[in-house]
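This report refers to the structure that appears directly beneath it.
The values are calculated or read from the model by the stated rules, or taken from the named source; none is laboratory data. Here the structure is a predicted model, which means the values were calculated and not measured. Please note: Cβ atoms are built from the backbone with ideal geometry, for glycine as well, and neighbour counts cover all protein chains shown. SASA here: full protein model, heavy atoms, side chains in, ligands and nucleic acids out. Shrake-Rupley method; radii C 1.70, N 1.55, O 1.52, S 1.80 Å.
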Amino acid sequence: MTVLEAPPAQPAGRVLDAVLGIDAGNTKTIALIVGRGGEVLGWGRAGPSNIYVSRPLALAAVERAVAQAREIAGLSAHRLQAVTLSATGADWPEDFELLRAALRQWDWAPRQGVVNDAVGALRAGTLDGLGVAVVCGTSSGTAARAAGQDAWHSSYWQEPEGAEELARLAVRAVYRAHLGIDPPTTLTARVLADLGCPDVDALLHRLNARTVRKPRKLGRLAKGLLDEAHAGDPTSRRIVQKHGAALGDYALVAARRAGLSGGYHLVTSGGVMRHPSPLLRQALVEQVQGAHPGVTWQPSRLEPVYGAALLSLELAGASVTEEHFGRLAQGGPSATLFLS
């Protein structure tokens, strides 16, 4: 459920005609300051900010990203009209209260909102912010919203995950092929090369030995899996298509929970979804359209942090228009800011 709060404006400090959106994720934190007309004024980036991994480090990352954005915008000494924190780890009531308490302490704006990061991604996807959004990056999340209703997000109901899970599935396929349980796969050579292992025995040792340091960011193997699937490797294609269909199942759950049926937008975002191969997305869309043939798929119009900024504009009383989307798309930071 979307959780927003708008406390009365506080008298202290000048409030400028701009808002703040924050996307707090598993791999990075992005902050964006936007004028009321959609002009991008400043941005910042810091490390991961999942309160389930480390609450102090997560909150510190949010502060650093916002400090950078305020410095670039030249607004370090002023309060803004509204702030929305779109955060991974915003799942249970106590999570929302922790994050709302942090926003109150920072006092960046009198109107403050907290949403799950899948909800922020949904708002970035379409002009009206309605429909279903499937985010597949390091992890995965699904959100849906119907007109006049609160958003629903999958939170810990979410079973098919993102790059980290795809990487585990790729490694499992390599093991099974090596043991002769499954047919040979081109994934073997790709995974060994990506992790710098001479053979599958060395791979098993590196990933499981007590005295060997495990590789960081195993999720990078997801790219190799998608590459091999696109090249025609049967094992890789089976994994990717099955995973896409599973994501589609949860998109349908989200649609039902939000009261959507018939025609609605299905939006995808996240690093895995941006891979050039269409196989994962096609499996997802086919699964959803099998139940709801009128569904229309589109990639998200904007990066998730823009969704947080749009929610802040609405929290400040603005009506989001096509012009807002255009200005955000044209005036934002370089795409490199969003790379994981």
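Tabulated data
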| item | result |
| --- | --- |
| Members of the range 54-87 that are outside any helix (DSSP H, G or I) and at pLDDT 95 or above | SER54, LEU80, GLN81, ALA82, VAL83, THR84, LEU85, SER86, ALA87 |
| Residues of the range 132-161 satisfying the condition of being closer than 25 Å to LYS217 by Cα and either free of Cβ contacts under 8 Å to residues at least 40 places away in the same chain or charged (D, E, K, R) (or both) | GLU159, GLU161 |
| Whichever residue in the range 132-178 is among the β-branched types (Val, Ile, Thr) and part of a strand (DSSP E or B) and, among such residues, is surrounded by the fewest Cβ atoms within 10 Å (Cβ to Cβ) | THR142 |
| Residue count, the range 223-233 (criterion: surrounded by fewer than 14 Cβ atoms within 10 Å (Cβ to Cβ) and assigned to a helix (DSSP H, G or I)) | 1 |
| Residue tally, condition in contact with a Lys or Arg (Cβ under 9 Å, 6 or more places away or on another chain), open to solvent by less than 30 Å² (accessible area, probe 1.4 Å), part of a loop (DSSP other than H, G, I, E, B) and among the aliphatic types (A, V, I, L, M), over the range 194-222 | 0 |
| Failed condition for ILE181, given (1) of a type in the set (A, V, I, L, M, F, W, C); (2) in a helix (DSSP H, G or I); (3) without any contact (Cβ under 8 Å) to a residue 24 or more places away in the chain; (4) open to solvent by 40 Å² or more (accessible area, probe 1.4 Å) | (2) |
| Hits in the range 292-310 - residues which are open to solvent by less than 40 Å² (accessible area, probe 1.4 Å), of a type outside the set (Phe, Trp, Tyr) and outside any loop (DSSP other than H, G, I, E, B) | PRO304, VAL305, GLY307, ALA308, ALA309, LEU310 |
| Criterion: at pLDDT below 95 and surrounded by 18 or more Cβ atoms within 10 Å (Cβ to Cβ) - qualifying residue of LEU252, LEU328, LEU284, LEU280 | LEU328 |
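Okay, residues lined up against (1) within 14 Å of TRP106 (Cβ to Cβ); (2) open to solvent by less than 30 Å² (accessible area, probe 1.4 Å):
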site: VAL40; (1), (2): no, yes
site: ILE51; (1), (2): no, yes
site: LEU57; (1), (2): no, no
site: ARG64; (1), (2): yes, no
site: ALA67; (1), (2): yes, no
site: VAL83; (1), (2): yes, yes
site: GLY89; (1), (2): no, yes
